[in-house]
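Participant: To start, I am sharing the structure in question, which I have written as structure tokens.
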Amino acid sequence: MINLHSRWMDLRRLDELAANDTEIHRLNPCTKIVTTAIFLIVVASFSKYELISLFPLFLYPLTLMNRAALPFSVIAKRVFATMPFVLFIGIFNPLLDHTPGFQVGPFLISNGWISFFSILLRFILAVTSALILVATTGMDKIGSALLRMHVPKMFVIQLMFMYRYLYVLLDELSRTLLAYSLRSFNETGLPFRVWGPMLGQLLLRTIDRAQRIYQAMLCRGFSGEVRLLRYNALAKKDIAYCLGWSAFFLAARIYNIPQWLGALLIGRY
Amino acid sequence: MSHHIIEIKDIEYMYPDKTKALDGLSLRILHGEAVAIVGANGAGKSTLLSHLIGVLIPSSGTVRIGDYPLNKETLTHIRRSVGMVFQNSDDQLFMPTVFDDVAFGPLNMGLPPEEATQRALDALKTVDAVHLKDRPPYKLSGGQKRSVAIASVLSMLPDILVMDEPSAGLDPYCRRQLITLLQSFKHTKIIATHDLDLVIDLCERTVVLSNGKIIADGPTLQIFNDDVLLQKGRLEKPLRMQGCPICKPAIR
Ligand SMILES: Nc1ncnc2c1ncn2[C@@H]1O[C@H](COP(=O)(O)OP(=O)(O)O)[C@@H](O)[C@H]1O
Ligand SMILES: [Mg+2]
């Protein structure tokens, strides 16, 4: 339980990575947001039973991680942490859908399993690309870019505060758990009976702290505007970046690249 | 220069849970003065400071900062001239890097980025923390956090500095550095603290709070020499003013 604190510190790695300076970091934030959005739309538009044709899309996150010098483990850990959700969403497919999909050797893979893995892959792609966006851009720049793109201010401020208070919540959580574990000796895990009071405490403390932080921001002139020191103007390379990736996403969507490559290798063309 | 006078008249404040934290309190602080607000835990020091920057609005009574009464319209203006260093630096430092944090105020004041950058650098230089500028604030030591928190307020060039327990949690060396730093400031200073030795170094005037009321207001040394008063305020004579029990043991 005590190591929750270190995990919380680790959470902030994304912000630290966002302060790096690589060619990907230097791109205009709007470009990166739009490209990520197009990527998400393309990923979501694949049909339920599409599996193999999703693989080429991994080129996008892998290239970015490489060019932006993002440690693979940092992203992978976070994607892994969201896995329970996708398991929960997708696990009913194999149970409900037994129609035969395709044959691998002696095994018949049902459509249920195919759609399960398809959901899994699409989920990984989506979460990875979103994490990369944050880790190469930073939440404050994303906020200011959204404002520039005429996303309503209310919505942007909500988003920024949610992100900031997530840390506050986790911070309070780690302290509460630490205090508890130091005074409860032979217990493993958190017994059910303390959940109620602890959650209540946690909520109150988080609200309190969130309010103090908000006050501190007000005292330094915060008025809902997200102002930045560095603003990267839209350059030719931004447009090239966005168009280039979009073209690739569309190609991956329209053509089944793995099948095509396979055919090319075997020489059936 | 009349425009930096702080004038508090008969303010009362009750927290939503009906705790009366300030009870008919009046105070006038002149330009360039350094005033210590002392008193037991829960005496109302933090609550009083919160009123100086409009974080709390009195239930009754008025607060005037310079030529303006503190209200919704003047709040933005007043927050530019009053810089508040919070009790807990973690609440004050919320940006991903130290530099962004120190530049946050100037940017919000609408300064162009180059000027905000310069202001932030100057402020960091003043507190001797330029080398920390690219670090994330939550990874700094307590003393470093305090320095950066002070820089984040200095970068807005306030006329009045308000500090809540600035020396709490600092080791002796950091505390001494802080005192030297604060001594070099020409601002009007209002410092809430339990550290009475720090008060001797920094503030010529002391206000003693007890249960939301001012029970004494006068020259620091005179107040610290009044044993009855100190006891009433649940305070203890600063160590420097006590006879040393080791060098000169009291005769029993
Ligand atoms: N958020 C709050 N809600 C209710 N009561 C509070 C709150 N903050 C402080 N108080 C109460 O107000 C009084 C003054 O507190 P405070 O100004 O924090 O004292 P000090 O800073 O001198 O220790 C105390 O009795 C305290 O319990
Ligand atoms: Mg206090």
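Participant: Please work out, to two decimal places, the log10 of the ratio I(q)/I(0) at q = 0.11, 0.13, 0.20, 0.21 Å⁻¹ from a Debye calculation in which every Cα of segment A:162-231 carries one identical scatterer.
Facilitator: -0.40, -0.52, -0.88, -0.93
Participant: Suppose every Lys and Arg Cβ carries +1 and every Asp and Glu Cβ carries -1, with no other charges. What dipole size does segment B:1-55 come out with about its Cα centre, to the nearest 20 debye? Before the final figure, lay out each step's value.
Facilitator: Values: 5 positive and 6 negative charges, 14 e Å.
So the magnitude is around 60 debye.
Participant: Moving to a separate point now. Just need the relative contact order of chain A here, percent rounded to a whole number, with Cα pairs under 8 Å and 6+ apart.
Facilitator: It rounds to 34 percent for chain A.
Participant: Now a separate question. Quantify how strongly other chains surround peptide B:54-65 by giving the mean number of their Cβ atoms within 10 Å of each of its Cβ atoms. Can you show the working numbers first?
Facilitator: Details: counts 3, 7, 1, 0, 0, 0, 0, 0, 0, 0, 0, 0.
So the per-residue partner count for this stretch is 1.
Participant: If you average over every viewing direction, what projected area does the convex hull of the Cα atoms of segment B:159-241 give, in nm²? Kindly include the intermediate steps, with their values, before the conclusion.
Facilitator: Values: hull surface 22.5 nm².
If you wrap the Cα atoms of segment B:159-241 in a convex hull and average its projections, you get 5.6 nm².
Participant: Shifting gears a bit: Rank by packing, highest mean first: peptides B:235-243, B:114-122, B:200-208, B:168-176, with packing defined as the count of other Cβ atoms within 10 Å averaged across residues.
Facilitator: B:200-208, B:114-122, B:168-176, B:235-243
Participant: Evaluate peptide B:90-100: per residue, the Cβ atoms of other protein chains within 10 Å of its Cβ; return the mean as an integer. Working shown, then result.
Facilitator: On the way: counts 6, 11, 7, 2, 9, 5, 9, 5, 0, 2, 6.
Per-residue shielding by partner chains comes out at 6.
Participant: Quickly rank A:31-41, B:222-232 as a protection proxy: mean count of other C-beta atoms within 10 Å, highest first.
Facilitator: Details: A:31-41: 19.1, B:222-232: 14.8.
Ranked from most to least packed, the peptides come out as A:31-41, B:222-232.
Participant: Give the Rg/Rh ratio for segment A:1-139, taking Rg as the radius of gyration of the Cα atoms and Rh as the Kirkwood radius, to two decimals.
Facilitator: On the way: Rg = 17.4 Å, Rh = 16.6 Å.
Checking Rg against Rh, the ratio lands at 1.05.
Participant: Only bridges whose two residues both fall in the protein assembly as shown count here: according to DSSP, what percent of them are antiparallel, nearest 5?
Facilitator: Among the beta bridges of the protein assembly as shown, antiparallel pairing accounts for roughly 60 percent.
Participant: Could you state the per residue volume, in Å³, of the convex hull enclosing the Cα atoms of segment B:96-231? Intermediate values should be presented prior to the final figure.
Facilitator: Numbers: hull volume 17.3 nm³, N = 136.
In segment B:96-231, the Cα hull volume divided by residue count equals 127 Å³.
Participant: Express the accessible area of segment A:1-157 per residue in Å², computed with a 1.4 Å probe while the remaining protein chains stay in the model. Please list the in-between numbers first.
Facilitator: On the way: 7860 Å² over 157 residues.
Each residue of segment A:1-157 exposes 50 Å² on average to a 1.4 Å probe.
Participant: Hey, any idea what the orientation-averaged projected area of the convex hull of chain A's Cα atoms comes to, in nm²? Can you show the working numbers first?
Facilitator: Values: hull surface 79.9 nm².
Convex hull of Cα atoms, orientation-averaged projection: 20.0 nm².
Participant: Just the projected area, averaged over all directions, of the convex hull on the alpha carbon atoms of chain B: how many nm²?
Facilitator: 15.4 nm²
Participant: If you place +1 on the Cβ of every Lys and Arg and -1 on the Cβ of every Asp and Glu, how big does the dipole about the Cα centre of the protein assembly as shown come out, in debye to the nearest 20? Can you show the working numbers first?
Facilitator: Values: 55 positive and 43 negative charges, 155 e Å.
Approximately 740 debye in magnitude.
Participant: Which entries in the list B:133/B:186; B:186/B:213; A:153/A:237; B:45/B:232 go over 18 Å, if you measure between the two C-alpha atoms of each?
Facilitator: Values: B:133/B:186 25 Å; B:186/B:213 28 Å; A:153/A:237 28 Å; B:45/B:232 16 Å.
Among B:133/B:186; B:186/B:213; A:153/A:237; B:45/B:232, the Cα-Cα distance tops 18 Å for B:133/B:186; B:186/B:213; A:153/A:237.
Participant: Then there's this: Taking C-beta distances below 4.7 angstrom as the pairing criterion, name the unpartnered cysteines of chain B, in sequence order.
Facilitator: B:174, B:203 - these cysteines have no disulfide-compatible partner (Cβ-Cβ under 4.7 Å) in chain B.
Participant: Still on this structure: Using a 10 Å cut-off around each Cβ of peptide B:150-161, what is the average number of partner chain Cβ atoms that fall inside? Spell out each step's value before the answer.
Facilitator: Details: counts 0, 0, 3, 3, 0, 1, 3, 0, 0, 0, 0, 0.
Taking the mean over all residues of the peptide, I get 1.
Participant: How high is the relative contact order of chain B, in percent, counting Cα pairs under 8 Å that sit 6 or more residues apart? Mind dumping the intermediate values first?
Facilitator: Numbers: 461 pairs, mean separation 62.1, N = 252.
The normalised contact order for chain B reaches 25 percent.
Participant: If you don't mind, another one. Convex hull over the alpha-carbon atoms of segment A:39-111: what's its volume per residue in Å³? Walk me through the intermediate numbers first.
Facilitator: Details: hull volume 9.7 nm³, N = 73.
Roughly 133 Å³ of hull volume per residue.
Participant: Please compute the alpha carbon radius of gyration of segment B:68-174, then divide it by the globular-protein estimate 2.2 N^0.38 Å. Two decimals is fine. Intermediate results must be reported in sequence, preceding the final value.
Facilitator: On the way: Rg = 13.6 Å, N = 107, 2.2 N^0.38 = 13.0 Å.
The reported ratio for this selection is 1.05.
Participant: I've got another one for you. Please sort A:251-263, B:86-98 by packing, taking for each peptide the average over its residues of neighbouring beta carbons within 10 angstrom, highest first. Display every interim value, and only then the final one.
Facilitator: Values: A:251-263: 13.8, B:86-98: 21.5.
Going by the mean number of other Cβ atoms within 10 Å, highest first, we get B:86-98, A:251-263.
Participant: Given Cα positions, please report Rg to Rh for the protein assembly as shown, the hydrodynamic radius being the Kirkwood one.
Facilitator: Taking Rh as the inverse mean 1/r over Cα pairs, Rg/Rh reads 1.08.
Participant: A further question follows. Could you size up the charge dipole of segment A:162-231 around its Cα centre, putting +1 on the beta carbon of Lys and Arg and -1 on that of Asp and Glu, and report it in debye to the nearest 20?
Facilitator: Values: 10 positive and 5 negative charges, 45 e Å.
I would put it at about 220 debye.
Participant: Continuing with the same structure: I'd like the per residue volume of the convex hull spanned by the Cα atoms of segment A:201-269, given in cubic angstrom. Display every interim value, and only then the final one.
Facilitator: Numbers: hull volume 14.7 nm³, N = 69.
Here the figure is 213 Å³ per residue.
Participant: Still on this structure, please answer the following. Give me the percent of the accessible area of segment A:162-231 that comes from carbon and sulfur atoms, probe 1.4 Å, all protein chains in place.
Facilitator: On the way: 2770 of 4260 Å².
The nonpolar share, carbon plus sulfur, comes to 65 percent.
Participant: Now a separate question. Under the Kirkwood approximation for Rh and a Cα-based Rg, what ratio Rg/Rh is obtained for segment B:141-196?
Facilitator: Numbers: Rg = 10.8 Å, Rh = 11.6 Å.
Radius of gyration over Kirkwood radius for segment B:141-196 works out to 0.93.
Participant: Find the sum over both chains of the accessible area lost when A and B are paired, probe 1.4 Å, and report it in Å² to the nearest 100. Display every interim value, and only then the final one.
Facilitator: Working: alone 16490 and 12820 Å², together 26880 Å².
Between A and B, the summed buried area is about 2400 Å².
The values are calculated or read from the model by the stated rules, or taken from the named source; none is laboratory data. On a predicted model such as this, the values are computed, not experimentally measured, just so you know. Note: ideal-geometry Cβ built from the backbone for every residue, glycine included; neighbour counts use all protein chains shown. Heads up: the accessible areas ignore ligands, DNA and RNA and are worked out on the full protein's heavy atoms, side chains in. Shrake-Rupley method; radii C 1.70, N 1.55, O 1.52, S 1.80 Å.
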